[in-house]
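Notes follow the structure.
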Amino acid sequence: MSLRGKDLLSLREMSQEDMELVLSTARSLKEILSRPIKKVPTLRGKVVCNLFYEPSTRTKMSFELAARYMSADPVSFAKETSAMKKGETLADTARNLEAMGVDLVVMRHNVSGSCHFLAKVLDIPVVNAGDGMNEHPTQALLDIFTILDYKSRIRGLKVAIIGDVLHSRVARSNIFGLTKMGAEISVAGPSTLLPPEIEKLGVKAYTRPEEAIEGADVVYVLRLQLERQSKSLFPSQREYSNFFGINRHKLSYAKEDAIVMHPGPMNRGVEITTDIADSPRSVILDQVTSGVAVRMAILYHILGGRD
Amino acid sequence: MADHLLIKGGRVVDPSSKTDQVLDVLITNGKIARLAQSIEAENGTTEVLDATGKIVMPGFIDMHVHLREPGFEYKEDIGTGTRAAAMGGFTAVACMPNTQPACDTDTVVGRILERAKQTACVRVYPIGAVTKGRAGKELAEMGEMRAAGAVAFSDDGSPVTSAEVLRCALEYLKSFDAVLIDHPEDLSLSAGGQINYGLISTVTGLRGIPNESEEVAVARDLLIAKLTGGRLHLAHVSTKGSVELIRQAKAKGIRVTCEVTPHHLILTDETVLESGYDTNTKVNPPLRTQEDVAALRQALADGTIDAIATDHAPHHFDEKWVEFDYAEFGISGLETAVSLIIDRLVLPGIIDWMKMAELMSLNPARILGVPGGTLEVGAPGDITIIDPELEYSILPHNFESKGKNTPFVGWRVTGAPYGTIVGGKVVMYDRRLAV
Amino acid sequence: MQFIDKAEIMDVDGIRRALVRIAHEIVEKNKGLEDVVLVGIRRRGVPLARRLAEILKKSEDVDVPVGELDITLYRDDLTLRFEQPHVGSTVLPFDVAGKKVVLVDDVLYTGRTVRAALDAIIDLGRPACIQLAVLVDRGHREIPIRADYVGKNVPTSRKEVINVRLKEYDSIDQVVISEEAQG
């Protein structure tokens with residue numbers, strides 16, 4: 001059991017054992033975040049490159065801080081792309097970074113499967129920080145870590161994932177990760193935003209959020225990915241909010257002690273109302289804190305040791 | 001002094017005469033001269049090929065290839081494309097008009113034929129565009145192209161998007177007795193799509209292309225074919241629904257034929273996932289599901305599907321070594337088709353040798369209205385010889401084609417093209433080019 | 001590799017007597033126990049620190065705080081190992097700033113573990129001083145570190161291994177010297 005030198009591309013492909021290893025290390029590392037001097041020398045001399053082809057504040061900063069807290073040096077390469085204006089190929093860009101001595105690449109990309117491609121291009125490990133509509137494995141790991149913080153277990157928990165499942169890499173990674181660890185997942189959203197044959201992934205699918213939320217321990221609200229809505233998938237944000245947004249009424253179907261999660265950034269008043277987002281049941285900021293610890297653990301396991 | 005080629009001792013499989021027996025075949029002056037149990041070579045004037053243990057068939061015709069010339073010679077040209085065809089056991093190829101410029105005038109048709117004369121080692125049949133610039137708006141000069149040597153018409157790469165334009169084209173082509181080959185795709189349903197719509201698109205997060213994007217177009221095309229009475233051929237059908245629609249149309253007497261590619265008969269969309277997003281699995285129409293594959297195989301057996309064509313779509317390495325969405329669609333198919341069909345369909349007993357010859361030789365010749373497809377006396381001396389036992393691994397770096405883009409890398413297959421004879425001239429023998 | 005025990009260096013009483021002596025020396029050297037904290041280095045330093053605290057409670061009637069230190073993240077051999085070691089948690093229920101920190105470990109050998117522990121402690125704050133207590137000093141230092149309190153000095157060869165077994169983990173109190181089995 002080892003992640004050393006390996007890529008972290010998806011939770012679909014990650015073993016439960018490896019997931020648990022990362023979670024348990026993250027548990028130990030979280031303490032560092034509350035120290036006056038938030039730095040351990042573990043990854044001194046290692047260089048982590050954040051290669052971001054899509055805008056991101058949270059994930060990029062989270063990886064940067066994780067690297068810094070572990071004494072690795074983070075460098076960033078941000079580039080907006082579209083199929084229209086191509087310029088240098090991803091393969092060339094990445095090979096250049098590798099040639100400069102980067103030890104690990106964290107990539108965010110707008111195209112699904114790009115991290116799998118990058119892993120074929122590069123000898124150094126690749127960590128997926130979100131690829132198109134495919135996966136966002138580190139987000140799901142931090143989500144699972146946060147759920148464990150509040151519920152101390154995953155097996156048997158009812159998790160409702162609500163909203164734009166079709167375009168959500170967060171939903172996919174959580175579905176793969178949480179089902180592996182024994183949670184019962186239900187998803188709900190407008191039919192146009194539920195991907196085909198989703199139930200074959202071992203989840204229950206509903207078109208009314210209330211049905212999915214009924215008896216849930218965790219209500220996971222997905223961001224409505226306005227930038228990916230290329231077709232007429234729903235008529236208006238107002239209508240979306242009325243039928244699919246999470247508010248006090250819809251949340252009342254969940255268990256009394258249910259927690260509310262969101263991967264950020266939130267569209268307040270669209271997929272989640274402000275009173276819920278800021279309520280004591282919301283653990284959205286805990287997710288952000290956990291994210292740094294989980295990413296420290298990932299860097300530790302992938303970058304430590306020798307080939 | 002006559003020019004003779006004698007192929008001795010092979011099992012001759014000729015669907016035009018339902019022949020299946022060990023015979024010698026004599027080709028004289030480029031034409032089939034005689035088939036008999038034992039033909040003696042005339043000393044000195046006869047080249048003799050030993051075909052013992054081999055299968056001798058009328059030359060295979062690939063009615064759907066992209067030779068990329070003119071305009072995209074960095075992907076393929078007529079020389080490399082036809083050498084790939086010869087290695088793959090094809091004696092003739094029909095090339096699609098999505099070149100630069102598009103093959104939409106008699107001048108371009110003439111240019112392709114001229115280049116073929118200079119560089120091709122198998123027969124090249126140009127397919128002209130249906131509309132000017134393949135833009136789907138105005139009819140191209142199909143009569144002039146027909147006269148210049150175009151064998152069929154298609155806007156392949158794109159569908160004929162307007163039903164009205166399709167209607168006019170099918171009507172108009174009746175005067176020239178040429179077939180219209182449509183690429184059936186409703187572009188509004190497939191927009192942005194990368195792979196088949198279904199479980200695998202859900203798991204991979206790649207945008208899906210539903211079966212219906214093809215079936216809507218197939219249904220429309222069949223209705224227009226019925227309306228006009230024109231000759232319609234549907235390219236690369238890939239779904240269960242498409243073959244059901246075509247089966248019904250044929251039962252009603254609509255003049256329609258269709259083809260299927262080897263990759264749609266063998267692979268499913270699961271390959272995309274298993275290969276870790278290998279862009280060589282990206283093809284249009286996309287690889288479908290097991291249910292579709294089963295339906296296509298059934299349709300081969302019951303005659304709904306008339307032909308196997310490769311849709312040979314060579315691309316440069318750089319065009320595939322990119323993110324999935326940015327990669328070109330297409331598979332380089334000429335050099336793998338015959339082996340894959342033997343290994344996956346003939347040897348397992350899904351079709352027999354006779355059916356294979358019908359799908360890859362006789363029917364394509366008939367649909368396109370070109371010579372060949374038969375070993376009857378007087379027919380062109382175009383022959384494909386198959387080694388049914390040769391076992392080897394598919395290695396794209398050995399391809400004659402410039403396009404190394406295949407999802408079949410490393411596949412171990414049994415059965416291979418052993419000889420390719422065009423007009424009595426040996427262009428490939430014993431897996432080596434003779435030109 | 002198979003190791004076989006060659007000799008018992010300390011038994012249950014030996015360990016107890018050594019700890020009692022170290023406890024007294026800690027009081028003596030620090031002129032009391034004001035600001036003294038015990039920090040056990042994971043794993044076997046932790047129960048030794050707790051035992052010292054118990055002894056001090058009995059003899060001096062003072063509750064000396066005990067912390068647990070995991071030095072994995074400070075090791076200098078992380079990039080030399082094939083497997084990443086498990087990261088344990090560091091639990092210090094006090095602020096080290098201004099404290100007299102007594103690091104406690106079972107065996108002092110190359111000194112590298114102590115070096116890592118010093119870095120780890122210093123990252124957590126600025127103690128008044130840091131002292132080192134070990135049950136066994138077996139020599140072969142690779143860096144200039146020495147213990148303030150030693151239970152027993154044991155001359156060894158590099159081929160030998162010192163095994164400290166403690167009831168908390170090993171169901172017996174014993175220090176043995178062992179060596180790789182031949183053949």
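The values are calculated or read from the model by the stated rules, or taken from the named source; none is laboratory data. Nothing here was measured: the structure is a model prediction, and the numbers come from that model. Counting neighbours? That spans all protein chains shown, and the Cβs are built from the backbone with ideal geometry, glycine included.
Number of residues in region A:131-179 that are of a type in the set (D, E, K, R), more than 14 Å from chain B (Cβ to nearest Cβ) and either assigned to a helix (DSSP H, G or I) or in contact with a strand residue (DSSP E or B) (Cβ under 8 Å, 6 or more places away or on another chain) (or both) equals 4. Cβ separations smaller than 9 Å between residues 6+ apart or across chains give the following pairs from region A:104-115 residues that are within 8 Å of chain B (Cβ to nearest Cβ) to residues that are of a type in the set (Val, Ile, Thr) and in a helix (DSSP H, G or I): A:SER112/B:THR204; A:GLY113/B:THR204; A:GLY113/B:VAL272; A:GLY113/B:THR279.
The single condition from (1) within 14 Å of another protein chain (Cβ to nearest Cβ); (2) not in a loop (DSSP other than H, G, I, E, B) that C:ARG126 fails is (2). Within region C:163-177, the set of residues being touching a residue at least 60 places away in the same chain (Cβ under 8 Å) and part of a strand (DSSP E or B) comprises C:ASN163, C:VAL164, C:GLN174, C:VAL175, C:VAL176, C:ILE177. Which members of region B:158-200 meet the condition of being more than 14 Å from chain A (Cβ to nearest Cβ) and aromatic (Phe, Trp, Tyr)? Those that are more than 14 Å from chain A (Cβ to nearest Cβ) and aromatic (Phe, Trp, Tyr): B:TYR172, B:PHE176.
In region A:4-38, which residues are more than 8 Å from chain C (Cβ to nearest Cβ), part of a loop (DSSP other than H, G, I, E, B) and in contact with a helix residue (DSSP H, G or I) (Cβ under 6 Å, 6 or more places away or on another chain)? Selection gives A:ASP7, A:LEU9, A:SER10, A:LEU11, A:ARG12, A:LYS38. If you go through region A:125-134 one residue at a time, do you hit one that is out of contact with any helix residue (DSSP H, G or I) (no Cβ under 6 Å at 6 or more places or on another chain) and more than 20 Å from B:ILE200 (Cβ to Cβ)? The answer is yes; a qualifying residue exists.
Only residues that are under 30 Å from B:GLY59 (Cα atoms), part of a helix (DSSP H, G or I) and in contact with a Pro (Cβ under 7 Å, 6 or more places away or on another chain): list them for region B:266-324, please. Scanning region B:266-324 gives B:ASN280, B:THR281.
Would you call B:LEU334 part of a loop (DSSP other than H, G, I, E, B), of a type in the set (A, V, I, L, M), over 30 Å from B:ILE195 (Cβ atoms) and outside the structural domain of B:SER16 (by TED's automatic domain parsing)?
Details: part of a loop (DSSP other than H, G, I, E, B): yes; of a type in the set (A, V, I, L, M): yes; over 30 Å from B:ILE195 (Cβ atoms): no; outside the structural domain of B:SER16 (by TED's automatic domain parsing): yes.
So B:LEU334 fails the test.
A residue that is without any contact (Cβ under 8 Å) to a residue 40 or more places away in the chain, among the charged types (D, E, K, R), touching a helix residue (DSSP H, G or I) at 6+ places or on another chain (Cβ under 6 Å) and surrounded by fewer than 20 Cβ atoms within 10 Å (Cβ to Cβ) cannot be found anywhere in region A:203-220. Summed over region A:39-70, residues that are facing chain C (nearest Cβ under 9 Å) and free of Cβ contacts under 8 Å to residues at least 60 places away in the same chain total 4. Could you please find all residues in region B:118-135 being at positive phi and surrounded by 17 or more Cβ atoms within 10 Å (Cβ to Cβ)? Scanning region B:118-135 gives a single hit, B:ARG134. Which of the numbered conditions does A:TYR253 fail, given that it passes all the others? Conditions: (1) in a loop (DSSP other than H, G, I, E, B); (2) modelled with pLDDT of 95 or more; (3) within 14 Å of another protein chain (Cβ to nearest Cβ). Of everything listed in (1) in a loop (DSSP other than H, G, I, E, B); (2) modelled with pLDDT of 95 or more; (3) within 14 Å of another protein chain (Cβ to nearest Cβ), A:TYR253 misses just condition (3).
Taking the condition touching a residue at least 40 places away in the same chain (Cβ under 8 Å) and either out of contact with any Gly (no Cβ under 9 Å at 6 or more places or on another chain) or within 20 Å of A:GLY5 (Cα to Cα) (or both), does A:ALA26 pass?
Details: touching a residue at least 40 places away in the same chain (Cβ under 8 Å): yes; either out of contact with any Gly (no Cβ under 9 Å at 6 or more places or on another chain) or within 20 Å of A:GLY5 (Cα to Cα) (or both): yes.
So A:ALA26 passes the test.
Please find, within region B:29-50, the residue that is farthest from B:ALA307 (Cα to Cα) out of those that are buried (at least 19 other Cβ atoms within 10 Å of the Cβ) and β-branched (Val, Ile, Thr). I'd like the intermediate steps shown before the answer.
Initially, region B:29-50 is screened for residues buried (at least 19 other Cβ atoms within 10 Å of the Cβ), giving B:32-33, B:35, B:39, B:49.
Next cut, β-branched (Val, Ile, Thr) only: B:32, B:39.
Details: B:ILE32: 23, B:ILE39: 33 Å.
So the residue we want is B:ILE39.
Can you pull out every residue in region A:50-75 that is farther than 18 Å from A:GLN139 by Cα and of a type outside the set (A, V, I, L, M)?
Residues of region A:50-75 that are farther than 18 Å from A:GLN139 by Cα, as a first pass: A:68-75.
Of everything in region A:50-75, those that are farther than 18 Å from A:GLN139 by Cα and of a type outside the set (A, V, I, L, M) turn out to be A:ARG68, A:TYR69, A:SER71, A:ASP73, A:PRO74.
Within region B:51-82, the residues that satisfy the criterion of being surrounded by fewer than 24 Cβ atoms within 10 Å (Cβ to Cβ) and touching a strand residue (DSSP E or B) at 6+ places or on another chain (Cβ under 6 Å) are B:THR52, B:LYS54, B:ILE55. Which condition number in (1) surrounded by fewer than 20 Cβ atoms within 10 Å (Cβ to Cβ); (2) at the interface with another protein chain (Cβ under 10 Å from one of its Cβ atoms) is the one that A:MET100 fails? Going through the list (1) surrounded by fewer than 20 Cβ atoms within 10 Å (Cβ to Cβ); (2) at the interface with another protein chain (Cβ under 10 Å from one of its Cβ atoms), A:MET100 breaks only (2). In summary, A:GLY189 fulfils each of the numbered conditions (1) farther than 20 Å from A:ASP149 by Cα; (2) away from every other protein chain (no Cβ under 14 Å); (3) not hydrophobic (A, V, I, L, M, F, W, C) with the single exception of condition (2). Taken together, the criteria exclude B:ASP387 from residues that are assigned to a helix (DSSP H, G or I) and over 19 Å from B:HIS233 (Cα atoms). Here A:ALA205 meets the list (1) within 14 Å of chain B (Cβ to nearest Cβ); (2) touching a Leu at 6+ places or on another chain (Cβ under 6 Å); (3) modelled with pLDDT of 95 or more; (4) not in a strand (DSSP E or B) almost entirely, failing just condition (4). Residues in region B:308-330 that are in contact (Cβ under 8 Å) with a residue 60 or more places away in the chain and within 12 Å of the chain's Cα centre (by Cα): B:ALA309, B:THR310, B:ASP311, B:HIS312, B:ALA313. For region B:358-381, the criterion of being within 15 Å of the chain's Cα centre (by Cα), part of a loop (DSSP other than H, G, I, E, B) and closer than 23 Å to B:LEU267 by Cα is satisfied by no residue at all.
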